[in-house]
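Scroll down for the structure; my scribbles are underneath it.
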């Protein structure tokens, strides 16, 4: 493991951006890379939070525990990561239990076994704010060297994150919802076509498509697409 | 009109169909959100609450809609893809 060098290569990050279908997936990949690069002898939990002005905030976590730790902050609208994000400064809590300024947060996450927290801002363009949050189950994980490593790691993510934010600007619908919309439009168009051709009702038309799908062992959505294609071809030939 | 062979499965009774859907949903480890979105994508008209009630055997859906839920469960479990097909 690249322990001495916690900075991912530009190629690694570019590949991740190219291979991720959406911003959420990209951020998830970034959190996972961070956790594996920064984790030393004891595993480190990592989460990346992005807040966009007027847009949704996205949180990606290297695992479920990190996700819960981040969500707790949103419940209070306060926490080390949100402070790092909104004030754009590094927040270090070497010992969560004895730290007085974060008592309420420490209490809220007391069952997660987290002993120390480090949150580091990641520079982005105007219109969005970003921070990397690291959690450790041990005391003394975040010595000066580690803090420096995490900070330089965060710095190395800045450029790719800015690119990703531009590439995936304002995405109110995740990929699976968009593909459901698309699929629905095709199925509805095929239903309308069958209704028009057969003068039947919607249920009968839908049943015809289902039967065709079952008989041909193809997905309903693909059959609907086939029906539309065929109608399109006939339309062109008829001209 | 004669009963078409393909209609046979619609006559095994709404309760059986509901029970079967409920079992397949539980075994398939699919989230309600994911199932509803897929079901919507292939033309489903029931809302998510009605679908949930149906899967908990509290409510019946129209025959065509029950068939669509079946189709959605089959297509979702056939190869583990989450998004509607044909992308």
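So the values come out like this:
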item: So residue A:168, is it more than 14 Å from chain B (Cβ to nearest Cβ), free of Cβ contacts under 8 Å to residues at least 12 places away in the same chain and either more than 28 Å from residue A:126 (Cβ to Cβ) or under 31 Å from the mean Cα position of the chain (by Cα) (or both); result: no
item: Count of segment B:39-51 residues which are part of a helix (DSSP H, G or I), more than 7 Å from chain A (Cβ to nearest Cβ) and in contact with a helix residue (DSSP H, G or I) (Cβ under 6 Å, 6 or more places away or on another chain); result: 3
item: Residue A:8 vs. criteria modelled with pLDDT under 90 and either buried (at least 20 other Cβ atoms within 10 Å of the Cβ) or touching a helix residue (DSSP H, G or I) at 6+ places or on another chain (Cβ under 7 Å) (or both); result: yes
item: Residues of segment B:52-72 classified as in contact with a helix residue (DSSP H, G or I) (Cβ under 7 Å, 6 or more places away or on another chain) and within 14 Å of chain A (Cβ to nearest Cβ), total; result: 10
item: Filter result for residue A:141 (within 27 Å of residue A:66 (Cβ to Cβ) and over 25 Å from the mean Cα position of the chain (by Cα)); result: yes
item: Any hit, segment A:186-205, residues being part of a helix (DSSP H, G or I) and either in the same structural domain as residue A:96 (by TED's automatic domain parsing) or touching a strand residue (DSSP E or B) at 6+ places or on another chain (Cβ under 6 Å) (or both); result: no
item: Odd one out for residue B:31, checked against (1) free of Cβ contacts under 8 Å to residues at least 24 places away in the same chain; (2) within 16 Å of residue A:183 (Cα to Cα); (3) surrounded by fewer than 20 Cβ atoms within 10 Å (Cβ to Cβ); result: (2)
item: Out of A:177, A:163, A:157, sole residue that is away from every other protein chain (no Cβ under 11 Å), in contact with a helix residue (DSSP H, G or I) (Cβ under 8 Å, 6 or more places away or on another chain), within 26 Å of residue A:20 (Cβ to Cβ) and surrounded by fewer than 16 Cβ atoms within 10 Å (Cβ to Cβ); result: A:163
item: Qualifying residue in segment A:84-95 (condition: modelled with pLDDT under 85, touching a helix residue (DSSP H, G or I) at 6+ places or on another chain (Cβ under 9 Å), on the phi < 0 side of the Ramachandran plot and in a loop (DSSP other than H, G, I, E, B)); result: no
item: Qualifying positions in segment A:182-216 - away from chain B (no Cβ under 11 Å) and buried (at least 16 other Cβ atoms within 10 Å of the Cβ); result: A:193, A:194, A:195
item: Segment A:217-239, subset more than 12 Å from chain B (Cβ to nearest Cβ) and either under 38 Å from the mean Cα position of the chain (by Cα) or not in a helix (DSSP H, G or I) (or both), residue surrounded by the fewest Cβ atoms within 10 Å (Cβ to Cβ); result: A:239
item: Residue match in segment A:112-132 (condition: in the same structural domain as residue A:35 (by TED's automatic domain parsing) and part of a helix (DSSP H, G or I)); result: yes
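The values are calculated or read from the model by the stated rules, or taken from the named source; none is laboratory data. All values reported here derive from a predicted model rather than from experimental measurement. Reconstructed Cβ throughout: ideal geometry from the backbone, glycine too, with neighbour counts over all protein chains shown.
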